[in-house]
1. Just one of (1) part of a helix (DSSP H, G or I); (2) of a type in the set (A, V, I, L, M); (3) in the same structural domain as Val13 (by TED's automatic domain parsing) trips up Ala272, so point out which.
2. Give the residues of region 138-148 that are within 19 Å of Glu177 (Cα to Cα), at pLDDT 95 or above and surrounded by 24 or more Cβ atoms within 10 Å (Cβ to Cβ), sorted by residue number.
3. I need the helices (runs of 4 or more DSSP H) fully contained in region 71-175, keeping only those with at least 1 residues that are among the small types (Gly, Ala, Ser) and over 30 Å from Gly190 (Cα atoms).
4. How many residues, within region 67-114, are on the phi > 0 side of the Ramachandran plot and buried (at least 18 other Cβ atoms within 10 Å of the Cβ)?
5. Collect the residues in region 291-350 that are among the charged types (D, E, K, R) and part of a helix (DSSP H, G or I), keeping them in residue-number order.
6. Scan Arg135, Arg157 and give me the residue that is within 22 Å of Met341 (Cβ to Cβ) and either surrounded by 24 or more Cβ atoms within 10 Å (Cβ to Cβ) or not small (Gly, Ala, Ser) (or both).
7. Using the structure shown, decide if Ala212 is loosely packed, with under 15 Cβ neighbours inside 10 Å, within 24 Å of Glu79 (Cβ to Cβ), small (Gly, Ala, Ser) and in contact (Cβ under 8 Å) with a residue 60 or more places away in the chain.
Amino acid sequence: MPDTLLITGWGQVGPAGAGPAGCRPEAAVPLPVTRAFVDPGLDPVNRLGRGTARFIDRTTALTLMACDEAAADADLRIEPMAERVGVTLGTSCGSVAGTAEFIRDSFVNERPHMVNPIKFPNTVINCAAGHAAIRMGAKAINTTVSGGRVSGLLAMRHAQLTLRAGHADALLVGAVEEFTPENAWTAVRGRPRGDDTPLGEAAAMLVLERAAAARPGRRSWAELLAVTVQTFGDPDDRAASHRLGRAALAAAGVPAEEVAVVSLSGTGDPHADADRRRGLAGLFPDPAVRWRDAESIAGDCYSALAAVQLADVLTLRRRDPGLAGRSALVAAFDETGVAAMAVLRFSGSE
C-alpha cells in the first residue's frame, strides 16, 4: 500500500488576492504594463538579510522567502533530519532577469572584467532550488522541474514519486515566477491574442511529508491522494477536461460527490479556457462546490500559478473547519497541451 503523504504547512509570497497594483517605473528597462499582481513593498533585504539578498535574483529571493514561511508554518525541524529533507521547485527557465543581466554585462562592460562572476549562478535554472537547500539545511534530493503553467503540479508529482521511492521523508515543494521588466516583456510578447489577464509574480511552497516518518502527533492540513499528468491534445476538444478530471478522481479513489473545492487555471486563450471550465463543471454539478479562479488571486504568474492554486485551497481549509474530510481538485493547463491535476483530501486535525 502506498505511503500516505501529508501536507503539513505552506508559505506564499506575493500579493495573493490584493488585486493588481501599479508597477514602479524602471529607469533602465521600461515596463510593457502599468499594473500587475505585485507587492511594491516586498523587500528581500529585510526578509532575508543583506548578505543573502545582495547577489541573488528575484526568483531566488521569492523562493527563499516562501520556504522560510512554509517551514515555519509546518514547524518543520530540519536539522535533526537534514539528510532526509529535500527541495523540489517548479519553474520554466529560472530568472529571466538574472540571465539577461549577465548577458547584457558581457556586451556593455569594459574588458577584461565584463561580468560579475558571483552573479553567474543566477543564469542557471536550478539556482533557486540550490539556494533554498543551502539556506534551509536540506541535504536530501534537490530537484528543479520545468513545465510552464503546470510547473507547480509537475513538482508535486515528482515529489510524490520521490517520497514514495524512499529518497526523502519530507520535501519543500512548490513553484515560483518573478515579475521583472525582462520577464514582463517575454510574457507579453508570447501571450495568446485576447489574453488581457494582468501579469503577476509569486512563490508558493508546501511541506509534503511521509506520514510513516512524521513526528508523532504531527498536524496536517491535507493528504495528497493523486497527481495525474496527461495531454489534452486538440485545444478545441471540449470534453478533454471532463475526461482528465474523471481520470484524476479515479486515480485518487474519490467520488465526485466528495469534492468541495475545484481550482482551475487556464492557458490565456479565453475561448479554450471557458470550454475547459464547462467540461469540469459537468463533473461537479452541485452548486455548493466552491470554484476558485487562480488568475483572479495572483494574476498570470505563469510557472507559479499551480502552486498558488494549491496554497489557495489549503487556505480555504484553514479558514473553514467544515471542509475537513472533503476533497479538492486542482487543475492546470499549459498551452503546449499538457494538463495536470491534483486531488487532496482535507484533514480533520487543527
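The values are calculated or read from the model by the stated rules, or taken from the named source; none is laboratory data. Small disclaimer: the values here were computed from a predicted structure and weren't measured. Neighbour counts are summed over all protein chains in view; Cβ atoms, including those assigned to glycine, are modelled from backbone coordinates with ideal geometry.
1. (3)
2. Matches in region 138-148: Val145 only.
3. In region 71-175, 127-136 are the helices (runs of 4 or more DSSP H) which contain 1 or more residues that are among the small types (Gly, Ala, Ser) and over 30 Å from Gly190 (Cα atoms).
4. 1
5. Selection gives Glu295, Asp312, Arg317, Arg318, Arg319.
6. Only one candidate qualifies: Arg157.
7. yes
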